[in-house]
Amino acid sequence: MVDHSRMKLGRKAVKTDSRTLKLSRYVKPTLPPAPPAVDWSKGITEWGLMLNDKLGDCTIAGAAHAVQVWTVNTGTMVTVPDPVILNYYETWDGYKPGDPATDTGGIEMEVLKDWQKHGFNSHRLLAFADPVWTNLEEVRQAMHLFGGIYIGLNLPNTAKTQDVWDVVPNGGPESQAGSWGGHCVYVVAYDQTGFTCITWGMLKTMTLAFWNAYVDEAHVLLAADWLEKKGSPAGFDLEQLQADLKLIH
């Protein structure tokens, strides 16, 4: 049995913005269904903790894991160094080293806006668009097209000691969403039984039931690292998305 109880979380309450692009607007009806399984992990099992064992910087760690995934699938894997992770946790999430009271995590939406505006250690985020996270076909399609997905979880205490994250039947208060806290992860693989994310430096699988019970936000990241190497996916209207971006900035 694993024990994640000493690990940190750090995703604050979900924040929404009515201007956020919706993924469904840019997926053409002619796009074929998503493959039954996708895995962008390239067989890698050690991804680095990104300080998330000591600090509630999961919103930054998730971004750094996304960079690893994109770069390993388009060339050579790039790992953002811990001092850089720390700097972004300070700049984007307000952490002040030596002051535990400021180690309160971050808001995914705000982190992504900062990333889009300023870049993340030279890695550019061209845009982000939100799928309906309860629409698993849309989520799988997004992961297939763009190399994963950045999500928020409202974790239960029961997740602390599970090898595979799953819903505990009749788990009582310990299984309630948020009884542990909010967490941000980058999801790198799926099949017909569940999803696999990167968290605390390793791959972690969750069942479909767990996804449906505890995921409460999802964002597709359109990264230069990915699109400049692979091009715009067939069946995705990148031109329309870029036109819409100009209207909201």
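Coordinate-derived values only; no laboratory data. It should be emphasised that the depicted structure is a prediction, and the values quoted were computed from it without experimental measurement. Using ideal geometry, Cβ is built from the backbone for each residue, glycine included, and neighbour counts are taken over all protein chains shown.
Some values worked out for this structure:
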{"read-out": "Electrostatic dipole magnitude of the stretch 206-249 [Cβ: Lys, Arg +1; Asp, Glu -1; Cα centre; debye, to 20]", "value": "120 debye"}
{"read-out": "Local electrostatic count, residue 82, Cβ distance below 13 Å [Lys/Arg +1, Asp/Glu -1]", "value": "-2"}
{"read-out": "Check: the stretch 32-248 dipole with +1 on Lys, Arg Cβ and -1 on Asp, Glu Cβ, in debye", "value": "360 debye"}
{"read-out": "Cβ-Cβ FRET estimate between residue 44 and residue 74, R0 fixed at 22 Å, reported to 0.05", "value": "0.95"}
{"read-out": "Long-range HN-HN contacts of residue 21 with modeled amide H, under 5 Å", "value": "130"}
{"read-out": "Global geometry of the stretch 169-249, whether rounded, prolate or oblate, following the gyration tensor of its Cα atoms and the 1.5 cut on a/c", "value": "prolate"}
{"read-out": "Isolated Cys residues of the chain, judged by Cβ distance under 4.7 Å to other cysteines", "value": "197"}
{"read-out": "Prolate/oblate/rounded label for the stretch 1-77 (Cα gyration tensor, a/c 1.5)", "value": "oblate"}
{"read-out": "Out-of-range pairs (alpha-carbon distance over 28 Å; input 15/204; 117/229; 113/230; 96/204; 8/230; 15/160)", "value": "96/204; 8/230"}
{"read-out": "Rounded to 5, percent antiparallel among DSSP beta bridges of the chain", "value": "90 percent"}
{"read-out": "Calculated P(r) tail over 17 Å for the stretch 58-179, as whole % of Cα pairs", "value": "66 percent"}
{"read-out": "Estimated vicinal HN-Hα couplings, Hz - the stretch 82-94 in sequence order (Karplus 6.51, -1.76, 1.60; Gly, Pro = x)", "value": "4, x, 6, 4, 4, 4, 6, 5, 5, 6, 8, 10, x"}
